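The values are calculated or read from the model by the stated rules, or taken from the named source; none is laboratory data. On a predicted model such as this, the values are computed, not experimentally measured, just so you know. For neighbour counting, all protein chains shown are included, and Cβ atoms are generated from backbone atoms with ideal geometry for every residue, glycine included. For the accessible areas, the whole protein counts, side chains as well, though only heavy atoms, and no ligand, DNA or RNA atoms are used. Shrake-Rupley method; radii C 1.70, N 1.55, O 1.52, S 1.80 Å.
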Amino acid sequence: MGLCTPAWRALSRLDCPSRIRICRAHIVDGRVTARRSSSQLAGHRAVLAASRRRSGVRTWEQENDGDYRRVVRCPGCGHLRLYSCDHGPSARDTSRRRTRPPWNVMFFGTDEFALECLKSLNKCSKAQEEVVGRLEVVSLPSLLPKGLPVTNYASAEGIPLHAWPDLGPCDQFDVGVVASFGRLLSEDLILKFPYGILNVHPSLLPRWRGPAPLIHTVLHGDKKTGVTIMQIRPKRFDVGPVVMQETYPVPPKCTSKELEAVLSTRGAEMLISVLKDLPERLRTATEQPKEGATFAPKITAAMSCIKWAEQTPEQIVRLERAIGFAMPLQALWMGAPIKLLDFVEVADSLITSDFPRFPGSIQYLSAPQIMVVHCKDGWVGVKTVSFTKKLSAKDFYNGYLHPWFVKKSNMPLEECRFHTLHLPPKSKTAKQSSIS
């Protein structure tokens, strides 16, 4: 047949429980068109779209039913051959694919954002017009005394719960749903679900891919955000095709937790809408644009250290709104770390003109009872300080900044200020492997 023996033998060893069929194939306009060579299937055409490369073998996905096939080019004659795995137990097998709800759903999630999606799925599983049939949950182990919100809810509601990476019989489900899970899912796992795995993501993808989109939305002062429901793809976060997307304006002066509360509710509503018409929604999914992609990495303790010479008042206030729920902003005072809380913007007209303006210089304003700290291009206000204990701005001033204290301690005036705290970089740890 004009093919090299080693290539055929290598493919014959592929672990596939289904029957292997051989087709002639050629590429036209970047697409693979294959004519099946079996006498029973002669004349039938299948148009395939390239999706990935694995172990030197190209895998192509049939557009009309999502079935996966392998295509190999012979190094000797240059011909293409198509390997079709049509009748095995793979979740892509259309023989067991439902065409309408109720769907059997496996949910992957951890936090408050994910909890809203789980509540909606659970509610739909009990409603008269069922969208969800069987529902089970996968969550992460937690060392927190209170546990994770998703884990606690599933236990309280009697929903079957699996601790990652123990997934149970996930090949018995129609579709997976991920929300704030924080783990890469392997291709083998994704393929166990006939309709793949959906991700409810709180951003306008490709803007803010990654684990902390809400934080970076607030941190960078975005005027609009939204929710995207997309299909999971292996090996990378948030790169799959968009199934549904809605835009939402960012409320002025909102925190990331306040934004989370709004978007989690909307994301849960969008998820149910997608599940009601899942096959059609997946058929009309669109690829994400290549331009405009940004990454939203996890927050670190180093992000909480204020850079007085580099950050403006607006940036410092946004920083607290973005990460203050998880960690207070920090500075260095008299050689020791100090935590600063409750930041506010301050008009320049309130600041005494003759006061030194070093980065981190401090004044106390008695009328509003706040401390103001000099930073890049202005001053930012601080209402509360946590040093040896939690203190109001007035108490901190009386104890550490009053003229009698400064005189008694012989502290140079230029040292009566906050300095930038420099934390050592966090040591890298091995990434947790994805699960099959």
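List the number of the failed condition for Asp222; all other conditions in (1) open to solvent by less than 60 Å² (accessible area, probe 1.4 Å); (2) touching a Pro at 6+ places or on another chain (Cβ under 7 Å) hold.
Condition not satisfied by Asp222: (2).
Here is a yes/no grid of residues against (1) in contact with a Gly (Cβ under 9 Å, 6 or more places away or on another chain); (2) free of Cβ contacts under 8 Å to residues at least 40 places away in the same chain; (3) more than 15 Å from Trp308 (Cα to Cα):
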site: Ser349; (1), (2), (3): no, yes, yes
site: Phe358; (1), (2), (3): no, no, no
site: Tyr364; (1), (2), (3): no, yes, yes
site: Gly381; (1), (2), (3): no, yes, no
site: Thr384; (1), (2), (3): no, no, yes
site: Phe387; (1), (2), (3): yes, no, yes
site: Leu391; (1), (2), (3): yes, yes, yes
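Would you point out which residue out of Lys290, Lys307, Lys276 is within 26 Å of Pro206 (Cα to Cα) and over 21 Å from the mean Cα position of the chain (by Cα)?
Lys276
Conditions tested, residue by residue: (1) open to solvent by 40 Å² or more (accessible area, probe 1.4 Å); (2) of a type outside the set (A, V, I, L, M, F, W, C); (3) touching a Cys at 6+ places or on another chain (Cβ under 8 Å).
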site	(1), (2), (3)
Glu310	yes, yes, no
Val317	no, no, no
Phe325	yes, no, no
Leu329	no, no, yes
Glu345	yes, yes, no
Asp348	yes, yes, no
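To keep it simple, each residue is scored yes or no on (1) among the aromatic types (Phe, Trp, Tyr); (2) within 18 Å of the chain's Cα centre (by Cα); (3) part of a strand (DSSP E or B).
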site	(1), (2), (3)
Val105	no, no, yes
Phe108	yes, yes, yes
Leu121	no, no, no
Arg134	no, no, yes
Val138	no, yes, yes
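Looking at segment 117-140 only, could you name the residues that are in contact with a strand residue (DSSP E or B) (Cβ under 8 Å, 6 or more places away or on another chain), within 25 Å of Ser256 (Cβ to Cβ) and not aliphatic (A, V, I, L, M)?
Listed by number, the residues that qualify are Cys117, Ser139.
Could you check segment 364-373 and list, in sequence order, the residues that are closer than 14 Å to Leu401 by Cβ and of a type outside the set (A, V, I, L, M)?
The answer is Tyr364, Ser366, Gln369.
Being open to solvent by 50 Å² or more (accessible area, probe 1.4 Å) and at pLDDT below 75 is the filter; apply it to segment 383-408 and report the residue that is nearest to Lys339 (Cα to Cα).
Residue satisfying both the conditions and the ranking: His402.
Considering only residues that are of a type in the set (D, E, K, R) and over 23 Å from Phe193 (Cα atoms), look in segment 146-174 and name the one that is modelled with the highest pLDDT.
Glu157
Residues of segment 227-237 being surrounded by fewer than 23 Cβ atoms within 10 Å (Cβ to Cβ) and of a type outside the set (A, V, I, L, M, F, W, C), which ones?
Gln231, Arg233, Pro234, Lys235, Arg236
Here is a list: Pro194, Pro160, Pro165. Which entry is touching a residue at least 24 places away in the same chain (Cβ under 8 Å) and touching a Lys or Arg at 6+ places or on another chain (Cβ under 6 Å)?
Numbers: Pro160 fails: touching a Lys or Arg at 6+ places or on another chain (Cβ under 6 Å); Pro165 fails: touching a Lys or Arg at 6+ places or on another chain (Cβ under 6 Å).
None of the others qualify; the one that does is Pro194.
Say we look at segment 238-286 and pick out the residues that are open to solvent by less than 40 Å² (accessible area, probe 1.4 Å) and among the charged types (D, E, K, R); which of these is modelled with the lowest pLDDT?
Residue satisfying both the conditions and the ranking: Asp238.
Only one of (1) in a helix (DSSP H, G or I); (2) touching a Phe, Trp or Tyr at 6+ places or on another chain (Cβ under 9 Å); (3) more than 21 Å from Ile323 (Cβ to Cβ); (4) not hydrophobic (A, V, I, L, M, F, W, C) fails for Asn152. Which number is that?
Just one mismatch for Asn152, condition (2).
A quick yes/no check of all residues on (1) within 21 Å of Ile232 (Cα to Cα); (2) out of contact with any Pro (no Cβ under 6 Å at 6 or more places or on another chain); (3) of a type in the set (D, E, K, R); (4) crowded, with 17+ Cβ neighbours inside 10 Å:
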| site | (1), (2), (3), (4) |
| --- | --- |
| Lys126 | no, yes, yes, no |
| Leu135 | yes, yes, no, yes |
| Leu140 | yes, yes, no, yes |
| Tyr153 | no, yes, no, yes |
| His162 | yes, yes, no, yes |
| Pro165 | yes, yes, no, no |
| Phe173 | yes, yes, no, yes |
| Val178 | yes, yes, no, yes |
